[in-house]
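Engineer: Dropping the structure in here first, questions after.
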Number of protein chains: 2
Amino acid sequence: MPALGTPRRKATDHMTESIAIIGGTGPEGRGLASRFALAGLRVVIGSRDAARGASVAAEVAATLAGREGAVAVEGASNADAAAGCDIAVVTVPFEGHRATLEALAGQLAGKIVVDAVVPVRFERGPRPVEVAEGSATEQAAAMLRESRVVGAFHNLAAESLLDLDAPVHADVLVTGGDEGAKQAVFALAERIEGVRAVDAGPLRYSRFVEGLTVLLIGVNMRHRARTHVRIEGLSA
Amino acid sequence: MPALGTPRRKATDHMTESIAIIGGTGPEGRGLASRFALAGLRVVIGSRDAARGASVAAEVAATLAGREGAVAVEGASNADAAAGCDIAVVTVPFEGHRATLEALAGQLAGKIVVDAVVPVRFERGPRPVEVAEGSATEQAAAMLRESRVVGAFHNLAAESLLDLDAPVHADVLVTGGDEGAKQAVFALAERIEGVRAVDAGPLRYSRFVEGLTVLLIGVNMRHRARTHVRIEGLSA
């Protein structure tokens, strides 16, 4: 598979970057935290409850112990994590999306905010939740007027992220209107081994990326598989 | 790429099948007609104008001349094509979707109808068209109560289908509630070299498959590429 692991864009080094995972105590948050830490980034797992953030961070750090390149993972309240980061990645369940971001608007001002939230509920299979703004990412952009909001990471299955011995063979579809922020998120995504970032267009395309995730969740359940998506036909 | 061309389900032979391409004179219709004819299926290209159907069929047949396995491609009115087929594949532009299917409900009764239509319009890039029923495929199912409606083929770029010297490296995501009809469409899709059919769930997931196509069209325009989607992680 020739395209695999071939970055479409050269990942530039952002050695000083510190990544906050907002609402990061669930599987997706833990998975992303693990992968970013493995890539040598400073990671803070945020939670509504700072103690919970710290205990999950300790668990994640334990799974990384002894692995090359992994630096410490810390825990904090969402507010402290947001205040201290360069880039925030939002992984709260959709039910908590609006309230969480409303409370953090000040801390996130001026920062790159990567929304990875999928508006989905489960009722005999995954079902989409209608979002007035069109998508979770557009909802975040509407609420965080001072932040540089980008959509990404929706389609990476938590199980794959947490399976640290295997690279993640997946494309990360990135949406947004701030080109500089998107470039930073391309680079961040491609710090995860096996991941290729693909520019999926402006914010209004976020609904399709989020919807694709609902589709993949359904495929996973139906086929008892752990799937990712690859866009074939892009030159490296 | 190990999964490539490995059918998830064994394609069964349907040697007697005759395929109508409803509204088949555009690039997508021509492309599917060419591929099905190459696979040895009888194909009728339907058009509002029977003469137009016949002339496009003659053009398609000319491009297939001398290729192994290709049988004749004929043209007809949409009504005659629908009346004579075993499986109808709908490739009208979305503007004509409702009117075309309303007129053909009688001819399509009892048949498998594969909707490949994407509700999209172009205005500085592709934009989704809202469909009250949720998706074009669900609109077809609501209108064709006597037919066995399945969604498929949305994500195959016409340019790739028409590039007959290259296999189509793509997954065809199939939605629907009629398991028998879906099995037939899995088999039909996998008659196209390089294509793998993936069960993408019930009809209500069609919106995601159609939306994914809008995303891919945008990616194609942005990257000047001809992309397809692959679901990674399914066992063969």
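Engineer: Restricting attention to the stretch B:157-229, which GluC sites (Glu not before Pro) occupy a DSSP loop and are surrounded by at most 15 other Cβ atoms within 10 Å?
Structural biologist: B:Glu193
Engineer: List the residues, sorted by chain then number, that are 5 or more residues from A:Ile21 or on another chain and whose placed amide H is less than 5 Å from its amide H.
Structural biologist: A:Val44, A:Ile45, A:Gly46, A:Val89
Engineer: What list of ³J(HN,Hα) couplings, whole Hz, do you get for the stretch A:120-128 from phi and the Karplus terms 6.51, -1.76, 1.60, once you set θ to phi - 60° and write x for glycine and proline?
Structural biologist: 3J(HN,Hα) across the stretch A:120-128, in whole Hz: 9, 10, 10, 7, 6, x, x, 10, x.
Engineer: Counting only protein heavy atoms, what percent of the accessible surface of the protein assembly as shown is carbon or sulfur at a 1.4 Å probe?
Structural biologist: C and S fraction of accessible area: 51 percent.
Engineer: Using +1 at the C-beta of Lys and Arg and -1 at the C-beta of Asp and Glu, which of A:Thr137, A:Gly110, A:Ala57 has the Cα lying farthest in the positive direction of the dipole of chain A?
Structural biologist: Working it through, the farthest residue towards the positive pole turns out to be A:Thr137.
Engineer: Can you tell which of B:Ala157, B:Val90, B:Ile217 lies farthest toward the positive end of the dipole of chain B, using +1 and -1 charges on the Cβ of basic and acidic side chains (Lys, Arg; Asp, Glu)?
Structural biologist: The residue sitting most towards the positive pole is B:Ile217.
Engineer: Provide, for q = 0.18 Å⁻¹, the log10 of I(q)/I(0) from a solvent-free Debye sum over equal Cα point scatterers in the stretch B:81-236.
Structural biologist: -1.11
Engineer: Taking the Cα centre of chain A as origin, work out the dipole magnitude from +1 charges on Lys and Arg Cβ and -1 charges on Asp and Glu Cβ, in debye rounded to 20.
Structural biologist: Result for chain A is approximately 420 debye, rounded to the nearest 20.
Engineer: Given Cβ point charges of +1 (Lys, Arg) and -1 (Asp, Glu) and nothing else, what value in debye, to the nearest 20, does the dipole of the stretch A:75-127 about its Cα centre take?
Structural biologist: That gives a dipole near 240 debye.
Engineer: Further question on the same structure: Helix by helix through chain B, keep the DSSP H runs that span 20 Å or more along the axis on Cα and average at least -1.0 on Kyte-Doolittle, and give those back in order.
Structural biologist: Helices meeting the span and hydropathy rule in chain B are B:50-64, B:206-223.
Engineer: Okay, moving on. Summing both sides, how much accessible area is buried between B and A? Use a 1.4 Å probe and give Å² to the nearest 100.
Structural biologist: 3100
Engineer: Highest GNM mean-square fluctuation, chain A, Cα pairs closer than 10 Å: which of A:Ala166, A:Ala181, A:Ala57?
Structural biologist: Ranking A:Ala166, A:Ala181, A:Ala57 by mean-square fluctuation puts A:Ala166 first.
Engineer: So if we plug the beta-carbon distance of B:Asp86 and A:Ser235 into 1/(1 + (r/R0)^6) with R0 = 41 Å, what FRET efficiency do we get, rounded to 0.05? Show your work: numbers first, answer last.
Structural biologist: On the way: r = 40 Å, r/R0 = 0.97.
Here the calculated transfer efficiency is 0.55.
Engineer: Using a 10 Å cut-off on Cβ to Cβ distances, tally the other chain neighbours for every residue of A:192-205 and report the average as a whole number.
Structural biologist: For peptide A:192-205, the averaged partner shielding equals 3.
Engineer: Magnitude of the Cβ-charge dipole of the protein assembly as shown, K/R +1 and D/E -1, about the Cα centre, nearest 20 debye?
Structural biologist: With only Lys, Arg, Asp and Glu charged at Cβ, the dipole is about 100 debye.
Engineer: Can you work out the base-10 log of I(q)/I(0) for the stretch A:156-236 at q = 0.26 1/Å, using the Debye formula on its C-alpha atoms alone?
Structural biologist: Treating every Cα as an identical point scatterer, log10 I(q)/I(0) equals -1.36.
Engineer: Give the nm distances, rounded to one decimal, from B:Met221 to the matching residue in every other copy, measuring between label points 7 Å along Cα toward the beta carbon; shortest first.
Structural biologist: 3.4
Engineer: What Kirkwood hydrodynamic radius, in Å, does the protein assembly as shown give when the mean of 1/r is taken over all pairs of distinct Cα atoms and then inverted?
Structural biologist: 23.1
Engineer: Residues of chain B: accessible area per residue at 1.4 Å, in Å²?
Structural biologist: Here the per-residue accessible area is 38 Å².
Engineer: Expressed as a fraction of 2.2 N^0.38 Å, the rule-of-thumb size for a compact globular protein of N residues, what is the C-alpha radius of gyration of the stretch A:81-173?
Structural biologist: Taking N as the residue count of the stretch A:81-173, the ratio is 1.14.
Engineer: Also, I was wondering about something else. What nm value, rounded to one decimal, do you get for the distance between A:Asp165 and A:Ala62 when each label is placed 7 Å out toward the C-beta?
Structural biologist: Here the answer is 1.9 nm between the modelled labels.
Engineer: Can you list the distances in nanometres, one decimal and ascending, from the B:Ala62 label point to the identical position in each other copy, with the point 7 Å along Cα to Cβ?
Structural biologist: With the label placed 7 Å along Cα→Cβ, B:Ala62 yields 7.3 nm.
Engineer: Given DSSP loops and a limit of at most 10 other Cβ atoms within 10 Å, what is the longest stretch of chain A that contains no such trypsin sites (Lys or Arg not before Pro)?
Structural biologist: A:11-123
Engineer: Under the convention of a label 7 Å out along Cα→Cβ, give the distances in nm from B:Asp49 to the same position in every other copy, shortest first.
Structural biologist: 7.1
Engineer: Describe numerically, in nm with one decimal, the distance between label points set 7 Å from Cα along Cα→Cβ at B:Glu95 and at A:Ala109.
Structural biologist: 4.8
Engineer: While we're on this one: Could you work out which residue, out of B:Leu188, B:Leu108, B:Leu212, moves most in a Gaussian network model of chain B, that is, has the largest mean-square fluctuation with Cα springs under 10 Å?
Structural biologist: With Cα springs under 10 Å in chain B, the top fluctuation among B:Leu188, B:Leu108, B:Leu212 is at B:Leu212.
Engineer: Between A:Val129 and residues 5 or more places away or on another chain, which pairs have amide H atoms under 5 Å apart, with H built 1.01 Å from N, and which residues are they?
Structural biologist: Distant-sequence amide H within range of A:Val129: A:Val120, A:Arg121.
Engineer: Now for a separate question. Which cross-chain or sequence-distant (5 or more) residues have an amide H under 5 Å from the amide H of A:Ile112, H modelled 1.01 Å from N in plane?
Structural biologist: The list, which skips near neighbours in sequence, is A:Ala88, A:Arg148.
The values are calculated or read from the model by the stated rules, or taken from the named source; none is laboratory data. Keep in mind the model is a prediction, meaning the values are calculated, not measured. Cβ sites come from the backbone with ideal geometry, for glycine too, and all protein chains shown count toward neighbours. For the accessible areas, the whole protein counts, side chains as well, though only heavy atoms, and no ligand, DNA or RNA atoms are used. Shrake-Rupley method; radii C 1.70, N 1.55, O 1.52, S 1.80 Å.
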